[in-house]
Amino acid sequence: MQDRLTSGVYFAGLKRHMNCDWGDISPEGYEENFEAMENGFDIFSAYGKGDRRFWIITNGDGSRTTVLMPDDYLNATLSLSERT
């Protein structure tokens, strides 16, 4: 991740995420995030373009926030499919 995502971009995304600016998601996604905050569900945000695209996900109880790059998602999907 470090070769494509600088710490400045990473922290700017986290700051936006913490301030309810969930980036490049649909208006419905914004509504779902506000509802998720009220009901203890996961919150999703998306930032960047192309190979610098990344997602931030905070789980419902706020105890964990994860940053994913497209390759992270692809690798996780491939790993899961290899188990079946």
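Rundown of residues vs (1) assigned to a loop (DSSP other than H, G, I, E, B); (2) touching a Leu at 6+ places or on another chain (Cβ under 8 Å); (3) surrounded by 12 or more Cβ atoms within 10 Å (Cβ to Cβ); (4) among the small types (Gly, Ala, Ser), yes/no style:
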{"position": "ARG4", "(1), (2), (3), (4)": "yes, no, yes, no"}
{"position": "ALA12", "(1), (2), (3), (4)": "no, no, yes, yes"}
{"position": "ARG16", "(1), (2), (3), (4)": "no, no, yes, no"}
{"position": "GLU28", "(1), (2), (3), (4)": "no, no, no, no"}
{"position": "GLU32", "(1), (2), (3), (4)": "no, no, yes, no"}
{"position": "ALA36", "(1), (2), (3), (4)": "no, no, yes, yes"}
{"position": "PHE44", "(1), (2), (3), (4)": "no, no, yes, no"}
{"position": "ILE57", "(1), (2), (3), (4)": "no, yes, yes, no"}
{"position": "GLY60", "(1), (2), (3), (4)": "yes, no, yes, yes"}
Scanning the stretch 25-54 for residues that are modelled with pLDDT under 95 and touching a Phe, Trp or Tyr at 6+ places or on another chain (Cβ under 7 Å), the one farthest from PRO70 (Cα to Cα) turns out to be GLY48
Those residues of the stretch 55-84 which are out of contact with any helix residue (DSSP H, G or I) (no Cβ under 9 Å at 6 or more places or on another chain), within 24 Å of ASN19 (Cβ to Cβ) and modelled with pLDDT under 90 amount to ASP72
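The values are calculated or read from the model by the stated rules, or taken from the named source; none is laboratory data. This is a predicted model, so every value here is computed, not measured. Cβ atoms come from the backbone with ideal geometry, glycine included; neighbour counts cover every protein chain shown.
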